[in-house]
Amino acid sequence: MAREAAGEVKRFSAPAAIPLGLTSSEAHRRRDEFGPNTVADEAPPRWRVFLLKFWGPIPWMLEAAFLVQLGLGEYVEAAVVGGLLLFNATLGFVQEGRASAALAALKKRLAPTALVRRDGEWVRLPAFELVPGDVIRLPLGAVVPADAAIVSGSVMVDQSMLTGESVPADANPGKEAYAGSLVRRGQAIAEVTATGSKTYFGRTAELVRIARSVSTEQAAIFGATRNLAVVNGTIAAFIVLYAYAAALPAADLVRLAVTALLATIPAALPATFTLSAAFGAQILARRGVLLTRLSAVHEAAAMDVLCADKTGTLTLNALEVVEITAMPGFDRERVLSLAALASSEVDQDPIDDAIRRAAIQATGQGTTERLVRFVPFDPASKMSEAFVVDRGGHEQRVIKGAFETIAAVAEVPPGAARLVNDLAERGHRVIALAMGAPASLRLAGLIAISDPPREDSAGLISSLRELGVRTVMVTGDSTVTAAAIAGKVGIRGNVCPPERLSSEVNADEYGIFARVLPEQKFRLVQALQQAHHIVGMCGDGTNDAPALRQAQIGIAVSTATDVAKAAAGMVLTEPGLSGIVFAAREGRIAFQRLLTYTFNMLTKKIEIVLFLAIGLGLTGHAVMTPALMVLMLVTNDFLAMSLTTDRASPSPSPSVWRMRNITAAAVVLGACKLGFSTAILAVGMHELGLTPGELQTLAFVTLVFGAQGLLYVVRERGHMWSSMPSIWVVAASTADIAIVSVLALSGTLMEPLPWRVLATVFVAVAGFALMLDQIKLLVRSAVSIA
């Protein structure tokens, strides 16, 4: 290379005495005491995860119905219920397992081998065999295998993915190098201070393992099931007690109890949430957003706070020259050219690389000076040097380093210190350059280097604000740098002093959190959740992984580490941050579809159980059988899953589940629909003189047709004709009505009914739907359900 031809010289500080290291026996003893240098993996076996899918309120109800029907010898009905149970469990099982993936990625980042001094000899051992007290060698390009204190030599380590600091840190004797960081310059001997889960990196892995957040999706499913159990369970108990008091035969009493139980079960609810998420995931994938956890699309709908990491997320995590201030006698181009001569080509120093790139862009690397000798950065002098020959043949010395270092050996014009302070207050790192005769140097210029914001960061913050989502910055970088970047991208709020960071901090008071450790990011997300926020966390580094896992929706950018991607629920696969806004909007569309399904389901379930009670009192016998109720689960509940494809518009604010309001509105509409269904049953009994079997068929047809009318009423916030339903909704409704009509006309699984009766019920349902639509408008104006 050109610089090598010019006589590039490596210079290091005098080495300190190198420790002898541990003996093999002592290392073995310490390994027994401290454990291996690995991250503990306590993920449960997959078979146990699958079995847990059969544990919960909805599985319990289905399992009870399955066992009772087996006991009654109703094997077909039992098989259908068992199939529904297995379908829900399998669908949920295949979408899980992200915690084990996150831990696997964390373990991969540990260096596979390390140069260790054992028994006085240097040997290469697997990294998991390291113990505290081991002496290790850290060459250029190595991944630090464990937390270690530098004993001899000096290295520059890139810890941006661990600490969030965009500028690499110098580690001199006595300083610490963290496991998982990358040696970007120099080489050193170090003594291991911590291994495995006790390292800075390992504590991050442990936080990922224990991080858990309550899903809004799980809360919604539990809320719907709980409300149904309270309302319908009470009614079902009274039905059974009434039937017992009326001396109903024991077999009929058991069948009635099973029918009431089946009427209460929201069998398709978990599957509908999963299907909705899968449908949303397909749409997001086409926009460069990959879901690693399906429920993330629903969490995005409710997100009202986004915690955004700075380095690599809001910024590019690539240092650039952003400003050059030339001193008298120099111009900007010459300052850059001279700085490039004093920058290494081979050390992979990000500051030197940024200066060289800027010089090439500005001057094409052209310069009037000819390089004679280059001296790389020396930790002892804290500067790099270049010896050049100018056009007149005179030797000149060029030095580059921090302003304080250069000011100590060069003449500095008045006002230079003020310029440095101004640049530093704007979040820049300032590099000073001096030139002159070897014994007479003067300041040539100041170079401001920074990690600039992404082009779309400001647009992201603005778009999220319009959607009702507040963005806060959470970074391991300095308060000055954090505040400067926050101002550029439009993040509002005060800077939280580092000493006030704790689990008790009121996170709503601040917009910027700086000097934040991985544990503190994790605790900050928890604090926001305890304040009843639905939290999103956007990051790219290993230090972000615990917070990504703890947040309801963790978002990893396209340049994120494998660790961050595995911990997140959503990964942006394309550069930029626009996928976050699109995910929020798509999540809110999915929420509106699920809200329609849940509102529709609750209304039907409340009506059906009450209808069973009134029908028993009106006719003296059960108006529905277990077989008809199982048939309704298939032809009604599961076909209603087509609502996950319906046309919907996103809410302008975060979408949250208001289950009490939804249940209250469902009770009102359910009562209205109950009145209609009861009237049809009374007409069939008193006006048409139908037999008990025909009345059961009439009740079944009325409930199914009425459910389809209800679906079109509740799918729209306004009038039911305000928008066209999707083709899948229309197709499912048509199939439902057609299947039920064929079964009722042919007498399959039920007593047959004349076609005129079916036509009359259909027309009556259509008219009732128009009236119910008006009632819905009144209910929604009085009760906020979304």
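The values are calculated or read from the model by the stated rules, or taken from the named source; none is laboratory data. Predicted model, so just to flag it, every value in this text is computed and none were measured. No Cβ is skipped: glycine too gets one built from the backbone with ideal geometry, and neighbour counts run over all protein chains shown. In case anyone asks, the SASA skips ligands and DNA or RNA and just uses the protein heavy atoms, side chains included. Shrake-Rupley method; radii C 1.70, N 1.55, O 1.52, S 1.80 Å.
Here is a yes/no grid of residues against (1) out of contact with any His (no Cβ under 7 Å at 6 or more places or on another chain); (2) among the basic types (Lys, Arg); (3) over 24 Å from Gly153 (Cα atoms):
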position	(1), (2), (3)
Leu341	yes, no, yes
Arg357	yes, yes, yes
Val389	yes, no, yes
Arg397	yes, yes, yes
Ala402	yes, no, no
Arg442	yes, yes, yes
Gly445	yes, no, yes
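State which residue is nearest to Ala732 (Cα to Cα) when the search covers only segment 642-654 and only residues that are in contact with a Ser or Thr (Cβ under 7 Å, 6 or more places away or on another chain) and crowded, with 19+ Cβ neighbours inside 10 Å.
The residue in question is Leu643.
Assess whether Thr199 counts as being of a type in the set (Ser, Thr, Tyr), modelled with pLDDT of 80 or more and buried (at least 22 other Cβ atoms within 10 Å of the Cβ).
Answer is yes for this residue.
Sort through Arg397, Arg429 and tell me the only one that's more than 22 Å from Val480 (Cα to Cα) and touching a strand residue (DSSP E or B) at 6+ places or on another chain (Cβ under 9 Å).
Of Arg397, Arg429, the one residue that is more than 22 Å from Val480 (Cα to Cα) and touching a strand residue (DSSP E or B) at 6+ places or on another chain (Cβ under 9 Å) is Arg397.
Quick test for you: out of Gln365, Gln361, pick the one residue that is open to solvent by 10 Å² or more (accessible area, probe 1.4 Å), modelled with pLDDT under 80, of a type outside the set (D, E, K, R) and closer than 28 Å to Leu423 by Cα.
Step by step, each of Gln365, Gln361 is checked, and only Gln365 is open to solvent by 10 Å² or more (accessible area, probe 1.4 Å), modelled with pLDDT under 80, of a type outside the set (D, E, K, R) and closer than 28 Å to Leu423 by Cα.
Which residues, counting only those in segment 411-456, are surrounded by fewer than 21 Cβ atoms within 10 Å (Cβ to Cβ) and within 23 Å of His394 (Cα to Cα)?
Correct list: Glu411, Val412, Gly436, Ala437, Pro438, Ala439, Ser440, Leu441, Arg442.
What pairs come out if I take residues in segment 578-589 that are among the basic types (Lys, Arg) and open to solvent by less than 10 Å² (accessible area, probe 1.4 Å) and pair them with residues that are in a helix (DSSP H, G or I) and modelled with pLDDT of 90 or more whose C-beta lies under 7 Å away, six or more apart or interchain?
Cβ pairs passing all conditions: Arg588/Ala301.
Among the residues of segment 306-314, are any touching a residue at least 24 places away in the same chain (Cβ under 8 Å), assigned to a loop (DSSP other than H, G, I, E, B) and of a type in the set (Lys, Arg)?
Scanning segment 306-314 turns up no residue that is touching a residue at least 24 places away in the same chain (Cβ under 8 Å), assigned to a loop (DSSP other than H, G, I, E, B) and of a type in the set (Lys, Arg).
Given the structure, is Val742 surrounded by 13 or more Cβ atoms within 10 Å (Cβ to Cβ) and not acidic (Asp, Glu)?
Spelling it out, it is not the case that Val742 is surrounded by 13 or more Cβ atoms within 10 Å (Cβ to Cβ) and not acidic (Asp, Glu).
More than 37 Å from the chain's Cα centre (by Cα) and surrounded by 22 or more Cβ atoms within 10 Å (Cβ to Cβ): which single residue out of Leu338, Leu314, Leu294, Leu319 fits that description?
Leu338
If you take the residues in segment 383-402 that are over 53 Å from the mean Cα position of the chain (by Cα) and surrounded by 15 or more Cβ atoms within 10 Å (Cβ to Cβ), which one is farthest from Val372 (Cα to Cα)?
Gln396
Hey, among the residues in segment 472-496 that are open to solvent by 30 Å² or more (accessible area, probe 1.4 Å) and on the phi < 0 side of the Ramachandran plot, which one's farthest from the chain's Cα centre (by Cα)?
Val480
Could you please find all residues in segment 179-196 being open to solvent by 60 Å² or more (accessible area, probe 1.4 Å) and closer than 15 Å to Asn37 by Cβ?
Residues satisfying the conditions are Glu191, Thr193.
Does segment 655-666 hold any residues that are crowded, with 22+ Cβ neighbours inside 10 Å and part of a helix (DSSP H, G or I), and which are they?
Ile662, Thr663, Ala665, Ala666
Can you find a residue that is at pLDDT below 85, more than 30 Å from Ala483 (Cβ to Cβ) and of a type in the set (A, V, I, L, M) anywhere in segment 373-387?
There is at least one residue in segment 373-387 that is at pLDDT below 85, more than 30 Å from Ala483 (Cβ to Cβ) and of a type in the set (A, V, I, L, M).
Could you figure out which of (1) within 26 Å of Thr471 (Cα to Cα); (2) open to solvent by 10 Å² or more (accessible area, probe 1.4 Å) isn't true of Ala627?
It fails just one condition, (1).
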